[in-house]
1. Among the residues of region 229-243, write down those that are in contact (Cβ under 8 Å) with a residue 60 or more places away in the chain and either assigned to a loop (DSSP other than H, G, I, E, B) or touching a helix residue (DSSP H, G or I) at 6+ places or on another chain (Cβ under 9 Å) (or both).
2. For region 95-107, give me each residue that is in a helix (DSSP H, G or I) and surrounded by 14 or more Cβ atoms within 10 Å (Cβ to Cβ).
3. Could you list, in sequence order, all residues of region 286-314 that are of a type in the set (S, T, N, Q) and loosely packed, with under 15 Cβ neighbours inside 10 Å?
4. Going through region 186-228 one residue at a time, which ones are within 30 Å of residue 269 (Cα to Cα) and not in a strand (DSSP E or B)?
5. Name the pairs: first residue in region 196-220 and under 12 Å from residue 174 (Cβ atoms), second residue assigned to a strand (DSSP E or B), Cβ to Cβ under 7 Å, at least 6 apart or on different chains?
6. Could we say that residue 209 is over 30 Å from residue 49 (Cβ atoms), outside the structural domain of residue 47 (by TED's automatic domain parsing) and modelled with pLDDT under 95 here?
7. Go through (1) closer than 30 Å to residue 164 by Cβ; (2) modelled with pLDDT under 90; (3) of a type outside the set (Phe, Trp, Tyr) for residue 314 and report which single condition fails.
8. Identify all residues within region 186-198 that are under 15 Å from residue 149 (Cβ atoms) and surrounded by 11 or more Cβ atoms within 10 Å (Cβ to Cβ); write none if there are none.
Amino acid sequence: MRSVMNRGALLFLAFFVIALLLWFFQAFRYNYSTVVNIPVEYDHIPRDIAVSDDLPTSLRVEIRDNGFALLNYRLKGVFTPIVLPVEINEDRVGHFGWNSRQIENEVVKKLNSSSRSFKIMSIYPSMISTDYSPKAKKEIPIEMAVHVIPVPGTIITDLKIDPETAIVYGSKAELDTLEIIPTDSITIDSILGDTNVKVRLRVPERTTLTPDFTVLHISTEQLSQVSFTLPLSIPEVKGKYLLRTFPTSVQVTCVIPNSRREDIKDSDIIVSVMADNIQSNPRGSLKVIVQKYPSYVQMIQTDPSEVEYLLEPR
């Protein structure tokens, strides 16, 4: 009995699948309507030309075709754009556009249907047109919004951009409000040696730029460590005392660029102690301070950082 029931279930399932396939093929033979969106691009509108109307970026196309053809459209997914050519007069003032017949021809070529039942029911917008004229332009400085991190043990010795300005096209009212053109906010790390990085600019709304990027030139240099043993410069103490320190000299360690190793001398550095208001304490400890050192020194420290002192009568 169980074997008979299993054979009956399998037979039912087989007939059900066959019936479903027959229904599927029969249903897809009929014609249906659907809507597809086709992107539009314009080739090419110069950066210094302003259009009076917003140009559509896509066409909403209602088509009618058999089910198999419509399924094929859906399986294709996103269509590649229709590219509409733009011609600009020499005087840079005029009008361009495409009528309904031209747009329909472009859509037909894009859909490329071989079905006899294919028909375009509607296209929106059915026409595209606009006036154009030259934009105002202004040269505006570029401001870096880039954080550069060199590899450990190196220092950035040069950081510049090329170009330093951009030509901005737009309405005069828009350009009057612009003072700088910032770059994208990015972080560039692990920089070693000389490196060039292309950085995009932030384009203000309703404007265009030329160029729309700048090149950041980065130069780095290895750091070196040099040390000196230097005597402490002892300040004068008010009153009848002399200030003596123990020890009388300290070791000074400097971190400098490799290229300045031959330039630095011990006479370029002066170390002393903070000796304010010590008359009330004849002995104790004082903090060591660096009073003078070259501007190219990246880091400087003393050992020890404090010394003992004694006030002696004159």
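The values are calculated or read from the model by the stated rules, or taken from the named source; none is laboratory data. The shown structure was predicted, so the numbers you read here are calculated from the model rather than taken from an experiment. Note that each Cβ is placed from the backbone with ideal geometry, even for glycine, and that neighbours are counted across all protein chains shown.
1. Taking region 229-243 first, the residues in contact (Cβ under 8 Å) with a residue 60 or more places away in the chain are 232, 237, 240-243.
Residues satisfying the conditions are 237, 240.
2. 103, 104, 106, 107
3. The answer is 291, 295, 298, 301, 305.
4. Result: 192, 193.
5. Listed by first residue and then by second, the contacts come to 203/209; 206/170; 207/168; 207/169; 207/170; 208/169.
6. Values: over 30 Å from residue 49 (Cβ atoms): no; outside the structural domain of residue 47 (by TED's automatic domain parsing): yes; modelled with pLDDT under 95: yes.
Here the answer is no, as residue 209 does not meet what is asked.
7. Residue 314 satisfies every listed condition except (1).
8. Within region 186-198, the subset under 15 Å from residue 149 (Cβ atoms) is 186-193, 195, 197.
Residues satisfying the conditions are 186, 188, 191, 192, 193, 195, 197.
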